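Q: Could you have a look at this structure, given as structure tokens, before my questions?
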Amino acid sequence: MSYSKILFEKYDTNKDLKLQIDEVEKSLIDLGKSYTKQEIAILIKAFDENDNGALEFEEFDQLCYAVEQIGSMQLEEVLFYRADKDRNGTIDQDEYLDLMIKMKLQYSKEQLLKFAKGICGDDVEIEPEQFKTIVRTIKSATK
Ligand SMILES: [Ca+2]
Ligand SMILES: [Ca+2]
Ligand SMILES: [Ca+2]
């Protein structure tokens, strides 16, 4: 059995085959990092494919896989890996909008694009360093 499966079964304490926020928190501590509740809420949104507010095994497995691939549990790096779907090392406009829409911030698409262009120019290709500013904004706009 894979390590992610072991973690998942260990921390799905109510056995509903999903990890709720408290369960995700404990599993990530076991994986190696203690996040704030706000950071965990952001991580869940980023990996919650079916948008039900909890992580099914496949979703949790993607999160564990990302951590394994990048060898880091820094929120910025995990989110960057998640957003950079084509793995070319930058986040283009579509990748950026996909991520931001998943974050469910109270901004329109136009506002989100304006914000990105303010960071990296009209041709949206967000570098890892620039992405830190995006994550700070996500954090400040997430309760
Ligand atoms: Ca559960
Ligand atoms: Ca889910
Ligand atoms: Ca990309």
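The values are calculated or read from the model by the stated rules, or taken from the named source; none is laboratory data. Computed from a predicted model, the values in this text were never measured in an experiment. Using ideal geometry, Cβ is built from the backbone for each residue, glycine included, and neighbour counts are taken over all protein chains shown.
Q: Counting only residues that are within 14 Å of the chain's Cα centre (by Cα) and of a type outside the set (Val, Ile, Thr), give me the helices (runs of 4 or more DSSP H) lying completely in segment 1-73 with at least 3 of them.
A: So the answer is 37-47, 57-70.
Q: If Met1 meets every condition in (1) of a type outside the set (D, E, K, R); (2) touching an Asp or Glu at 6+ places or on another chain (Cβ under 6 Å); (3) over 21 Å from Phe80 (Cα atoms) apart from one, which number is that one?
A: Unmet for Met1, out of (1) of a type outside the set (D, E, K, R); (2) touching an Asp or Glu at 6+ places or on another chain (Cβ under 6 Å); (3) over 21 Å from Phe80 (Cα atoms): (2).
Q: Shifting gears a bit: Can you pull out the residues in segment 119-143 that are among the aliphatic types (A, V, I, L, M) and in contact (Cβ under 8 Å) with a residue 60 or more places away in the chain?
A: Selection gives Val135, Ile138.
Q: Being out of contact with any strand residue (DSSP E or B) (no Cβ under 9 Å at 6 or more places or on another chain), outside the structural domain of Ile134 (by TED's automatic domain parsing) and either under 26 Å from Ile101 (Cβ atoms) or of a type in the set (S, T, N, Q) (or both) is the requirement here; does Gln38 meet it?
A: Taking the combined requirement at face value, the residue satisfies it.
Q: While we're looking at this one, here's another question. Only one residue in Gln111, Gln106 is farther than 15 Å from Lys45 by Cβ and without any contact (Cβ under 8 Å) to a residue 40 or more places away in the chain, so which one is that?
A: Step by step, each of Gln111, Gln106 is checked, and only Gln111 is farther than 15 Å from Lys45 by Cβ and without any contact (Cβ under 8 Å) to a residue 40 or more places away in the chain.
Q: If you don't mind, another one. Out of segment 7-40, which residues are within 13 Å of ligand 2 (Cβ to nearest atom) and of a type in the set (A, V, I, L, M)?
A: Leu17, Leu19, Ile21, Val24, listed by residue number.
Q: Just checking, how many residues over segment 57-71 are surrounded by fewer than 16 Cβ atoms within 10 Å (Cβ to Cβ) and among the small types (Gly, Ala, Ser)?
A: Looking only at that region, the number is 1.
Residue-by-condition table, conditions (1) within 16 Å of ligand 3 (Cβ to nearest atom); (2) touching a residue at least 40 places away in the same chain (Cβ under 8 Å); (3) touching a Cys at 6+ places or on another chain (Cβ under 7 Å); (4) under 27 Å from Asp16 (Cα atoms):
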{"position": "Glu56", "(1), (2), (3), (4)": "no, no, no, yes"}
{"position": "Val67", "(1), (2), (3), (4)": "no, no, no, yes"}
{"position": "Glu77", "(1), (2), (3), (4)": "yes, yes, no, no"}
{"position": "Arg82", "(1), (2), (3), (4)": "yes, no, no, yes"}
{"position": "Asp86", "(1), (2), (3), (4)": "yes, no, no, no"}
{"position": "Met100", "(1), (2), (3), (4)": "yes, no, no, no"}
{"position": "Lys117", "(1), (2), (3), (4)": "no, no, no, no"}
